[in-house]
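Below: the structure, in structure tokens.
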4 protein chains.
Amino acid sequence: MAGNTFGKLFKITTFGESHGAGVGVIIDGVPPGLELTETEVQSELDRRKPGQSDVTTPRKESDEVHFFSGIFEGKTTGTPLMMLLHNSDADPSAYDSIKDLFRPGHADFTFLKKYGLRDHRGSGRASGRETAGRVAAGAVAKKLLKLRGIEITAYTLRAAGVSCKTINFNEIEKNPMRAADPVAAKEMEKRVKKLIDEGNSTGGIIECRITGVPAGLGEPVFDKLDALLGHAILSLGAVKGIEFGAGFACADMSGIEHNDWMDEDGFQTNNAGGILGGISTGEEILFRAAVKPTSSIEAPQETLGVNGKPAEIITRGRHDPCICPRIIPVIESMAALVLEDLFKEQSSLND
Amino acid sequence: MAGNTFGKLFKITTFGESHGAGVGVIIDGVPPGLELTETEVQSELDRRKPGQSDVTTPRKESDEVHFFSGIFEGKTTGTPLMMLLHNSDADPSAYDSIKDLFRPGHADFTFLKKYGLRDHRGSGRASGRETAGRVAAGAVAKKLLKLRGIEITAYTLRAAGVSCKTINFNEIEKNPMRAADPVAAKEMEKRVKKLIDEGNSTGGIIECRITGVPAGLGEPVFDKLDALLGHAILSLGAVKGIEFGAGFACADMSGIEHNDWMDEDGFQTNNAGGILGGISTGEEILFRAAVKPTSSIEAPQETLGVNGKPAEIITRGRHDPCICPRIIPVIESMAALVLEDLFKEQSSLND
Amino acid sequence: MAGNTFGKLFKITTFGESHGAGVGVIIDGVPPGLELTETEVQSELDRRKPGQSDVTTPRKESDEVHFFSGIFEGKTTGTPLMMLLHNSDADPSAYDSIKDLFRPGHADFTFLKKYGLRDHRGSGRASGRETAGRVAAGAVAKKLLKLRGIEITAYTLRAAGVSCKTINFNEIEKNPMRAADPVAAKEMEKRVKKLIDEGNSTGGIIECRITGVPAGLGEPVFDKLDALLGHAILSLGAVKGIEFGAGFACADMSGIEHNDWMDEDGFQTNNAGGILGGISTGEEILFRAAVKPTSSIEAPQETLGVNGKPAEIITRGRHDPCICPRIIPVIESMAALVLEDLFKEQSSLND
Amino acid sequence: MAGNTFGKLFKITTFGESHGAGVGVIIDGVPPGLELTETEVQSELDRRKPGQSDVTTPRKESDEVHFFSGIFEGKTTGTPLMMLLHNSDADPSAYDSIKDLFRPGHADFTFLKKYGLRDHRGSGRASGRETAGRVAAGAVAKKLLKLRGIEITAYTLRAAGVSCKTINFNEIEKNPMRAADPVAAKEMEKRVKKLIDEGNSTGGIIECRITGVPAGLGEPVFDKLDALLGHAILSLGAVKGIEFGAGFACADMSGIEHNDWMDEDGFQTNNAGGILGGISTGEEILFRAAVKPTSSIEAPQETLGVNGKPAEIITRGRHDPCICPRIIPVIESMAALVLEDLFKEQSSLND
């Protein structure tokens, strides 16, 4: 329990803190005999790692993954695959000046209330660095899903007040914002750089599309496909909302408008986002996640000290002005973990 | 597994179909010695039951709850509390005409794909009637939470294109739309009645506010408070999105705007919706759920038959033009189940 | 949690007390499309029910099973199969005289210590009647296992100081002791009847043999096949020990003696009881369970009252002098639940 | 799932193989604020490590534990405590000569059947070395239990055909057999040394006594205290049986003999081994585990090759002639994990 484990049959457990020895993940439920290299996993981690561009944090974290167990002669053995990432470039002393202040928008206050003590070095367990383990596990899930014919693609749909007008998957990895529209990407980048100069940050919206999922995946009551995806994506600290298909717009639609109709070629619309009654329809699965602006900003803010007295805080350092580009591989990973788990559940049902 | 169980320490399992013998729920984890009557549970079920007003379905389901186990001399014993609701007024023959058609917006197609067969009578397990079990369990959770000083209040924020301008908790149960603004409620009601005449339906937005939750509740990684609430609320078939605090609006906010600031009196804003890093801040917890328009509409629609041929479908009968008023107790119940479970988890952590 | 659920993928939850409305079970994870009748389940329940012979309790409990959900037109739907057994012939007033005494060998004292209150009518949740739900679920598991070619056979190996000298499966259901040796059965019966006259009871040993399990079933670390069987069988209140293959005798064996050797025809001995490293070897799975003498005896005993004062207790009534014949279907059921669950886990691993 | 996780609220997950990078464990559910040093954990690991005496394997495994996460400034933080043990002195080439043979009594054959491939180096995941992670976690559980007033003491009751005549806890750590009787210990040691010379091994019986457990611990149906202890102890590959209190002897007892009677001073006998109806009585908890003779012996044995042909096998190397002395800390650890978990469950029930 205690919430460090996700999934049931393709189950991951993460551990580690941003400024301790490192972070990592165990996957329990990897099928035996899968060829797997550290390089494959690394390529997903490199999409998440800091310092990729001038719109992400300039921190240098190596994020170098090592297989610790569960691999023998280049293949998975069916036993727990443990992947380890040692911390480096960690400078805990940078946090000394703020160790007695609650950083606005961070979990400093809530961790202290929950545990009675906290690791103040760079958010400790609440750090975004914890998601490196998720991405490592997600890389394995993605590889398994690819063998099932499934592709998961997320991109920045909106950031700094700019939305993509076109969706072109080939553009995503070509711009630092990971936007699906190169024109919008340029404008986003410009605005984000301005925010950096102002010591400020921005939020955004990530859209995720999943193709190749056959009809019939998901459990119909509490573990609906959308409920599990919601759980997965909302377990990212920066995500404050998720919607499927037409999403919140459905509130203003009528049944005639919203119901997806079928003919002999299948569904002709997809307001449902590929999910009906919690089960996949065979159409593209589509969801959007609301990403809050980065909490760590250089501009001075009012806050409270551990001593109960107000104080001004300036979070110096090396923070992302917009988390969108780096959260994308994490969102894809979480979606992959949900899907791989449900495939296993479906096969167990029919066994 | 298979998704008919929710929660870990205050754990519920539901069973039953809309047109079988009945529906029900088991709660495992009720503390011993709690005084509990069927009447208390019934009063929550009555808020969900059909036929409450002329903006809900005129179906008459008794929804009468019976304690089957776990109670002795008016008190819970600490063993599984099973609550049973027998079906009545079920007219499965009403579904004969559409048993070979996939109703648009329903789980007919996806259930058949998942299971290879399906109970075509009124959605079977996918029926909204399944949620009666959740509400019965939620009534118990709510009672326990009340003893902890917690109140959960949900209401229709928007429906049929009309939004509440004011939020007054005292108004909610006074109008059939369960809107928090009596003026908006009147207009919603008018528009919904017009949709009934047109054989159409509408969606809406439910807002839920939870007071009294102390700071420190929630697990910081995968089982964040918002992740669990998201899982819970998105496990309702009609919900297509959820957002916390500022929600999707955070995408267009800057860090300076979005970060909630604190002074010696605590938080001065609540863009976070009462949750930071997945843990409660002690502020009001606030989320909104997008409710899709009822799928069952009388207007003719194009669809597919089980035989693979297109057909026109007319879903006669007795359906809600807007699910908002009746989903409110279900949403409150799911939120209550999450919170009660997390309280137990927190007490186990510190034990 | 709270321990009323067993299994992961073929998961059961039981509920109910001996003198409340009834008992029952939910199975979550039944594959869809299985033809299943109440009669099939009833035939297993009839092996467990009281009043079968003059060496079992003369209590008349109907133990009549009803399918409440999860069945449509004679087939399972893949949704929760709920089976209900209403109580009858319950005479709670029979317990009035002992409601303030702790019956020796019973859970009266421990339940009161755990919950702070207890249902004193016939052990409540701690009653052997709770196992009726397990047998109903076990009947379904056994049917599924039969389709996999697996047979589970348990029998009384020893009771009242008499051991079977021969093992003949055909004899088991022909004698009231369910012993595998008709000669030993006669002697057991004679001695048990004498114990009834003395207001006393006896223990025994049940042996269980499972054929048809392919090599490779079981999880190698914490969920070893023997660990799960041990958990399952020790979850019966009357069982005080379990051993596999050579069992406790292995303590006095040398490695040369105990190691099962193989040739091209496979294993030539089976000291391991069909399990190595927690995984099935393909040989017969064999275990023995120690069954304690029935706690409810008519002979007067010294005990303690709820008021903390010593008292004499006489447990009148209708109790089994030896639980062996009636625990056999329960043991088979628990073994069946473990195996069916592990098959599903294995199929999920390789998916 | 997949069985690498044990416990629910004080939950451990182990990983690693005997000849890979190392082994380790994550504990999820450690209360925050516990002072904990690697030295404390190491002292338990040293009781399990090879090379302690001339009746254990002369292999030198450092078994040196490192805290990787979950500790800050000498205290637990409430987040996952990960403990790592790097492998050393591993000589996988020693296994080259037997990599195509199934070692009798080992999991070689069953792993291959289960996974389709296997890590042949020293049993891989099936190695006893996996239990180092359990002992590290058990050391933490034991520390927490000590704060609750609970002591767990296991010892060799019988080995090589010799039984303890007296039980003296102070003697256990003074002799290499960890027997509770110094006279019996001497004789055991003598016989074990003879078996070493013969290239043979022996089994034994471990007895475990737990004091200080209050009445009321354990869940009454599937998660009975004895069922969980049985699961825990039978999850050790060398254990082939477990019994509680009078154990298998209860089969030959009558109810009058077996029922523990009470007077105002509580229970006057303890045939139940401290557990009634799956719940602790407040008396000493007592169980015995049957330990099989070590499978790895130097004497030549007949077996099967991976190629399906019979072969002679000689397992050279560095193996324990009797696993009893080294399994004792593992058994204590597994018992500690069960108890700590149940305490947390009990506190969650009453919350």
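Whole-percent P(r), the protein assembly as shown, all Cα pairs, 20 Å bins from 0: 10, 39, 37, 13, 1. Note on the range A:7-52 and the range A:111-129: Cα centroid distance 22 Å, given to the nearest whole angstrom.
Using only the alpha-carbon atoms of the range A:1-66 as identical scatterers, what base-10 log of I(q)/I(0) does the Debye formula give at q = 0.13, 0.20, 0.21 Å⁻¹? For the requested q values the scattering log ratios are -0.50, -1.01, -1.07. Taking θ as phi - 60° and the Karplus parameters 6.51, -1.76 and 1.60, the scalar couplings of the range C:239-253 work out to 8, 10, x, 8, 9, 10, x, 5, x, 4, 4, 4, 4, 9, 9 Hz in sequence order, x denoting glycine and proline.
Semi-axes of the range A:5-350's equivalent ellipsoid from the Cα gyration tensor, sqrt of 5 times each eigenvalue, largest first, rounded to whole Å? Display every interim value, and only then the final one.
Values: eigenvalues 220, 137, 73 Å².
For the range A:5-350, the semi-axes come out at 33, 26, 19 Å.
State, as an integer percentage, the relative contact order of the range A:5-350 based on alpha-carbon contacts under 8 Å between residues 6 or more apart.
Working: 738 pairs, mean separation 76.7, N = 346.
Averaging sequence separation for qualifying contacts and normalising by length gives 22 percent for the range A:5-350.
Taken one residue at a time, the phi angles of the range C:282-290 give Karplus couplings (6.51, -1.76, 1.60, θ = phi - 60°) of x, 7, 4, 8, 9, 9, 10, 10, 8 Hz. Gly and Pro are set to x. Rg and Dmax, both from the Cα atoms of the range A:264-303 and both in Å, are 19.4, 61. What the phi angles of the range C:334-351 give under the Karplus curve with 6.51, -1.76 and 1.60, with θ = phi - 60°, is a coupling list of 5, 5, 5, 4, 4, 5, 4, 4, 5, 4, 5, 5, 4, 5, 6, 5, 8, 4 Hz, glycine and proline written as x.
For B:A311, the residues whose modelled amide H falls within less than 5 Å of its own, excluding neighbours fewer than 5 places apart on the same chain, are B:T303, B:L304, B:G305.
Listed here are the pairs A:K224/D:K344; B:K344/D:K142; A:K8/C:K8; B:K143/B:K165; A:K224/B:K114; which of them are more than 20 Å apart at the Cα? Write out the running numbers ahead of the final one.
Details: A:K224/D:K344 30 Å; B:K344/D:K142 23 Å; A:K8/C:K8 9 Å; B:K143/B:K165 30 Å; A:K224/B:K114 12 Å.
Correct reply: A:K224/D:K344; B:K344/D:K142; B:K143/B:K165.
So if the hydrodynamic radius of the range B:1-111 is defined as the Kirkwood radius over C-alpha pairs, what does Stokes-Einstein give as its diffusion coefficient at 10 °C and 1.306 mPa s, in µm² per second? Stokes-Einstein gives a translational diffusion coefficient of 98 µm²/s. Using the rule -39500 (n - 2.57) for each DSSP H run of four or more residues, divided by the residues of chain D, the 222 nm mean residue ellipticity is -8500 deg cm²/dmol.
Comparing D:P31, D:P321, D:P182 in a Gaussian network model of chain D where C-alpha atoms under 10 Å apart are linked, the largest mean-square fluctuation is found at D:P31. Counting only alpha carbon atoms, the long axis of helix C:182-197 and the longest principal axis of chain C meet at about 20°.
The separation of the range A:212-228 from the range B:258-300, counted between C-alpha centres, amounts to 25 Å. On C-alpha positions alone, give me the angle between the axis of helix D:225-234 and the longest principal axis of chain D, in degrees, nearest 10. In chain D, helix D:225-234 runs at an angle near 10 degrees to the longest axis.
At the residue level, B:W261 shows approximately 90 square angstrom of accessible surface with a 1.4 angstrom probe and all protein chains present.
The values are calculated or read from the model by the stated rules, or taken from the named source; none is laboratory data. Since the structure is predicted, the reported quantities are computational estimates derived from the model, not experimental observations. These accessible areas exclude ligands, DNA and RNA; they are computed on the full protein's heavy atoms, side chains included. Shrake-Rupley method; radii C 1.70, N 1.55, O 1.52, S 1.80 Å.
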